[in-house]
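Undergrad: Dropping the structure in here first, questions after.
The values are calculated or read from the model by the stated rules, or taken from the named source; none is laboratory data. Computed from a predicted model, the values in this text were never measured in an experiment. With ligands, DNA and RNA removed, areas are computed over all heavy atoms of the protein, side chains included. Shrake-Rupley method; radii C 1.70, N 1.55, O 1.52, S 1.80 Å.
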Amino acid sequence: MKMRTLLTGLAMLALLGAFLGSALAQRPASGPEDERMVQMMKMMEQMQDQMKQMHGQMAQMKQMHGQMAQMKQMHGQMTQMKQMHEQMTGMMQQHRAEMQKVCPGAAAPDPTKKGG
């Protein structure tokens, strides 16, 4: 929606600039009025340049928004993997405890414990 408004504004500025340019070309030189018209044309060009810069900034922001969405998705996947790892670790500990009850001498050493 903002892009459409920006493009409409640029088009209107271009049309107004063309209209003022043709009006200047058809009128005979009249001094101060011509200077005002020239100043207005310069202002119009500056406004057009600013609108183009804003358009570029909006495109960059849109790209950054997409990157942020990807990062959020990756964070969600990492959280899910962490939860799965914790769940598997719990299941392994439970299995180890059950094995020690059934066969105390055959229990495998705990790989999560470091040292001897």
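Undergrad: What number does segment 44-106 give for Rg over Rh if you use C-alpha atoms and the Kirkwood radius?
TA: Numbers: Rg = 27.1 Å, Rh = 16.5 Å.
In segment 44-106, Rg relative to Rh is 1.65.
Undergrad: How big is the accessible area of residue 8 in square angstrom, nearest 10, if you roll a 1.4 angstrom probe over the protein chains?
TA: Approximately 70 Å² of residue 8 is accessible to the 1.4 Å probe.
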